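First up is the structure itself, then whatever we jot down about it.
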Amino acid sequence: EHSKLLLSREWLVKIDPKTSTPYLLKFHSSPVDLTCCILVTDTKNTWAEALSSKQFARRWRDCNRRISSPILDDEEEEAWRTRNLDLLTKAHTLGGVADLTFEVVESKYGDLAFEMDCDAFKWRWDTIFVGHKTSADILSTHLIMPLISVNHLAFTNPNGVGDLAEDDLEKAIDKIGRTARRTVDMHIKNALSRPRLATTLRRMTAVFNFISDLPKVLSEGPKRSGSPTAEIHVRRSQQFEASLGTHVLPKDVAFTQGSSNIEARTSRRQSPITAEVNMDSATESEDEAARVAPTKHSTAAQVVSAASNEDAEMRAQSPIISRTTSRPVPGEVRSRGVTRQPTLTDTDSSPIRPVKKAKAPSSSSEEDSEEERRKHLAQIKSGAAPKGGSRQPLRRGGRRF
């Protein structure tokens, strides 16, 4: 609350002659309730004190014992307090503070106590440290941010700030202040990103802290040759290549290794049937003993071919069997499935479906039904009746599936 009351007050400067420490002061008083407060800082720490009307009267009588201060009635006491507070307020101005002496003294009641004296009166402040966090907030609000904005005004105004009239200067300050309070972040960026202001602050900081190699003040910033991120990537790639040295493989060797890896992965992805056929063919080409001794595959092929020959002869002898058994023999289906199985490539992603087994036709039941039908027809032609039992119905054709 008291910090807000001090926002519209000017900074006053007093120097301690013993330690040569400058102190910045802000003072506020209220003639309504006869209160006053002060803010003191050395730009690192902050102290403050606030006095009520009774505290002010007691402090004034304690510091000015040489001057008679009798106890008066209520109306006279209020007039006396108002008159003395006005005198103290005039002393805490730009013109009156120059006539006051300043001395830091020891105190039993405050963290920082100092006395201010003149021909008319004497005064003492017993201030208390407000804490580091509050000190930072107060300094940022009352000192740092206004100084940044004022520097921005001084470096952006085409005319010198010292040469401007008071009305023109107030208009320029109001314009920059209203723009700054809308977007504080962009205001600070625009104020401190100007090359002339940034380099001026840099040189002032170097001079103030006894740096021997002073940086130059620049009106234009250095030109950017490229993106910092791109330069970092290029530098890292160069370091990586340098660390590899002779271990870097040529492009053709790397391509050969890549193709061999692809072929190895392709061979691993082939189906079991194709892999078995390829393995058998490779074994037959390499092993000389396989040419003399019959293998399992040659024996299976002979059995399948013999079964197919017998089936063909049976179909030639019986027309019914030749008509009904038009499906291929299971041996042939298997042989075709093995021999005609396509090899997998890199582009094939779905597995090969197994070939369904064909059911073998039951030729024995059809032969029995044909022989019974022939016998029955012969008995009917000869006129002989069946022996004993009831007559069985005539069975025609083969068993239907």
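The values are calculated or read from the model by the stated rules, or taken from the named source; none is laboratory data. All values reported here derive from a predicted model rather than from experimental measurement. Here the Cβ is made from the backbone with ideal geometry for all residues, glycine too, and neighbour counts use every protein chain on show. SASA here: full protein model, heavy atoms, side chains in, ligands and nucleic acids out. Shrake-Rupley method; radii C 1.70, N 1.55, O 1.52, S 1.80 Å.
Per-structure values
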read-out: Given (1) more than 29 Å from T89 (Cβ to Cβ); (2) touching a Ser or Thr at 6+ places or on another chain (Cβ under 9 Å), number of the condition D213 does not satisfy; value: (2)
read-out: Hey, K133 surrounded by fewer than 13 Cβ atoms within 10 Å (Cβ to Cβ), out of contact with any strand residue (DSSP E or B) (no Cβ under 9 Å at 6 or more places or on another chain) and over 18 Å from I38 (Cα atoms) or not; value: yes
read-out: Selection status of T19, hydroxyl-bearing (S, T, Y) and under 20 Å from T141 (Cα atoms); value: no
read-out: Residues within segment 22-44 that are under 48 Å from the mean Cα position of the chain (by Cα) and not basic (K, R), tallied; value: 10
read-out: Residues of segment 180-196 classified as surrounded by 14 or more Cβ atoms within 10 Å (Cβ to Cβ) and within 21 Å of T141 (Cα to Cα), total; value: 5
read-out: Residue among T134, T179, T156 that alone is modelled with pLDDT of 90 or more and of a type in the set (V, I, T); value: T134
read-out: Residue, farthest from S107 (Cα to Cα), within segment 25-46, restricted to residues that are open to solvent by 30 Å² or more (accessible area, probe 1.4 Å) and of a type outside the set (D, E); value: V32
